[in-house]
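K.L.:
Below is the structure I would like to discuss, written out as structure tokens.
The values are calculated or read from the model by the stated rules, or taken from the named source; none is laboratory data. On a predicted model such as this, the values are computed, not experimentally measured, just so you know. When we count neighbours, we look across all protein chains shown, and the Cβ atoms used for this are built from the backbone with ideal geometry, even at glycine. Remember, those area values only see protein heavy atoms, side chains included, never the ligands or the DNA or RNA. Shrake-Rupley method; radii C 1.70, N 1.55, O 1.52, S 1.80 Å.
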Amino acid sequence: MTAPLDRLRELRRALPVTAAAMFVVALTVPVWRIAFEAPQYPDGLLVTLYAYPRLGGDYAEVQALNHYVGFYYPDPVFVDPNYAVHPDAIAAPEWILGPVVFLAVAAAGVFVALAPTDRKLRLGLLGQLIGATVAFVGTFAIVQYRLHQAGHALGEDAPIVGVAEFTPPLLGGYQIANISGVAWFGPGGYLTGLGFLLLVVAYLLRDSTVTIGEAAAALRRRVSRNSPEDDDRGDAGTGV
């Protein structure tokens, strides 16, 4: 009988464990970043955000710019963040649950990888893929909703009046008055995306027992079978 740790050499089991490690590491680095340009800052500004209530980079300078239009960083409510929360800031109590989501998906990956039977493994891979999709898509949607809220709750005491309500994109560029910003993934975002792709690959390999050591040879065989050169040689050998 194959020992549980020996079974982890199978790609369909090893990939969820690797993804779990990526999700844990993603908590230690920014998952999101926004680069700003404004006349007052010719070199630009950069703000980074973590999966828990913490900002990095030039957040103080950007908050000073945001003050002109009445746009404020959210209030995580249950913790003291590393920035001054404006009284008009929207509440984002779910922000503190970010680590719970990442660690839960990571723990599920390890649990699934240790499934004792093929049937339970296949069901586990499907369940985790669905769960991770719901967790990360749900997180994406909630963050985008909070951005919508903040952009549609501009402070009435803002020095610049007449700025139309707006929705900053979670990914992409936008322009407000003379301030432009581009939001994109941070290192943690890329790690999360890569980890999710590993879960997809693990599910696609749910019926395969190929191991880590056999993966390269299996890939070469598949490429060789699908190569046009092999088809040409096969045709020549049959006299076609």
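K.L.:
Counting only GluC sites (Glu not before Pro) that sit in a DSSP loop (anything but H, G, I, E, B) with at most 16 other Cβ atoms within 10 Å, what is the longest stretch of the chain containing none of them?
P.N.:
Result for the longest clean stretch: 1-155.
K.L.:
For P(r) over Cα pairs in 10 Å bins from 0, in percent, several values are listed as (1) 7, 31, 37, 21, 3; (2) 7, 25, 24, 17, 14, 9, 3, 1, 0; (3) 7, 29, 28, 17, 12, 6, 1, 0; flag the one computed from this structure.
P.N.:
(2)
K.L.:
Largest first, what is the accessible-area ranking of Arg7, Arg225 with a 1.4 Å probe?
P.N.:
Arg225, Arg7
K.L.:
Moving on to the next point. Obtain the nm distance between the two label points defined at Ala64 and Leu103 by a simple spin-label model: each point lies 7 Å from its Cα along the Cα-to-C-beta direction.
P.N.:
The modelled label-to-label distance comes out at 3.7 nm.
K.L.:
For the range 73-102 and the range 132-171, what is the separation of their Cα centres, given in Å?
P.N.:
14
K.L.:
Roughly speaking, to the nearest percent, how much of the chain's 1.4 Å accessible area is carbon and sulfur?
P.N.:
Roughly 64 percent of what the probe reaches on the chain is carbon or sulfur.
K.L.:
Now, a different point. Ranked by accessible surface with a 1.4 Å probe, highest first, in what order do Trp184, Trp32 come? Could you put the intermediate results ahead of the total?
P.N.:
Values: Trp184 110, Trp32 25 Å².
My answer, sorted largest first, is Trp184, Trp32.
K.L.:
Leaving out ligands and nucleic acids, note down the accessible area per residue over the chain with a 1.4 angstrom probe, in whole Å².
P.N.:
56
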